[in-house]
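Heads up, the thing below is written out as structure tokens.
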Amino acid sequence: SSGRERLDAHPAAVLARTPNPWMTGVELRCAMQGQVEHRGNAYAEIERDGNGVPIALWPIPPTRVTSIWTEAGLTYEIALPVGDKVYLPPRLMLHHRGWSLDGIRGMDPVVTHAESIGHGLAVKEFGSRFFSGSARPGGVIRYPGHLSDVSIGRLRDSWETAHRGLAMSHRVAILEEGAEWQQIGLAPETAQYIESVKMTIAEAGRIWRLPLHMLGDLERATFSNIEQQALEYVQYSLLPRARRIEARVNTMLVPEPDVYVEHALEALLRGDTKARYEAYAVGRQWGWLSVNDIRRRENMNDVEDGDRYLEPLNMTTPGDAAPTPVRAMLRPILEQTVQRINQRERTDIERGAPKDPRWAAEHHS
């Protein structure tokens, strides 16, 4: 036995499924993790029964919670909608925090990266204004002579009426008095805008440690590297978050030292079918995976007698002289083989010995 057992009836497991009458466990975890990513902190009041066992979790908006120090130590000050304030001790508050400098309150990613986010918003606003109301054509009008003020005004008005805004784009232009249209390339400011949009996406990925393909930027994604990027996302982005949550939940909701909560991330790290099956084959052949171990990883039911582990014939524990069932079964075969080899060598020696009866009598006595 591995000593690990899934405790579906444990209070922490019950809270993971139904934290309160209004929310499911998935909804609460999504809400709290979203608050951590956008505010740096997520709070939920822990309701306990008379024995101190957690029976419910009630989320609290992070904008209403302030961590303060009192004579009793760390205390959470909560501003109620009616204007009053209540105070909760740490044992009644489940506090998930992001990256923190003091270990008490997580840093707000939006505030920390306000300059980068502001740049992205400015780029978005520029694009909206440029493409919704810009009268700048993709070329210039060349006129062979001098235009009068009346002609310039009439040409300008007709052009803006026919081509200003997205609704009028790509319409046919009618030019008068020998005017010619000359197409020009993409303007430098437009090209710079496109590059700025790409930089904004990359900057958002850096803030929240997200690979670009998960943000819809597939410019550098290929069939060969997309799986590796997904694995790195689990290892370097999801795993640190999961470890922080596990440590806080185990501290606040699981008092038993031999019980713990953990995230099962193996499904996200399994890779494709071929890679998984090759890994299973190695584990099975070298004796650290059983048939049922493999079936559980593939979300399949156990089979009878599927918990036995193989033992490679050429491997044994140092100093362990006790014969295993396999070696005990092979011992008679090895002994018979040694006897046959000895008999064959004796026969060969006798055949090559001198034909002297005295030698034969002496060596057979």
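The H on the amide N of A56, modeled in the peptide plane, is under 5 Å from the matching H of E47, each at least 5 residues off or on a different chain. The length gained by stretching the chain between V338 and I152 to full extension, at 0.36 nm per residue less their Cα-Cα distance, is 55.7 nm. Hey, how many Å between the Cα centroid of segment 222-253 and the Cα centroid of segment 258-311? About 20 Å separates the Cα centre of segment 222-253 from the one of segment 258-311.
Can you figure out the FRET efficiency of Y309 with I207, using R₀ = 41 Å and their beta-carbon distance, to the nearest 0.05?
On the way: r = 46 Å, r/R0 = 1.12.
The pair Y309/I207 has a calculated efficiency of 0.35.
Phi-derived couplings, Karplus 6.51 cos²θ - 1.76 cosθ + 1.60 at θ = phi - 60°, listed residue by residue for segment 63-70: 5, 9, 10, 10, 8, 10, 10, 10 Hz, with x used for Gly and Pro. Multiplying the residue separation of T222 and Y277 by 0.36 nm and removing their Cα-Cα distance gives an extension gain of 17.4 nm. Simple rule: put +1 on each Lys or Arg Cβ and -1 on each Asp or Glu Cβ in segment 1-94, find the dipole, and look at A9, P90, N20; the Cα lying farthest toward the positive end is A9. In terms of the mean number of neighbouring beta-carbon atoms within 10 Å, the peptides 60-68, 91-99 order highest first as 91-99, 60-68. Each Lys and Arg contributes +1 and each Asp and Glu -1, all at the Cβ; summed about the Cα centre of segment 1-101, the dipole is approximately 220 debye. With both labels modelled 7 Å from their Cα along Cα-to-Cβ, the D102 to M23 distance reads 2.5 nm.
Laboratory data are not the source of any read-out in this text; all were calculated from the coordinates shown. Keep in mind that this is a model prediction, so the values were computed, not measured. Methodologically, a virtual Cβ is constructed for each residue, glycine included, from the backbone with ideal geometry; neighbour enumeration extends over all protein chains shown.
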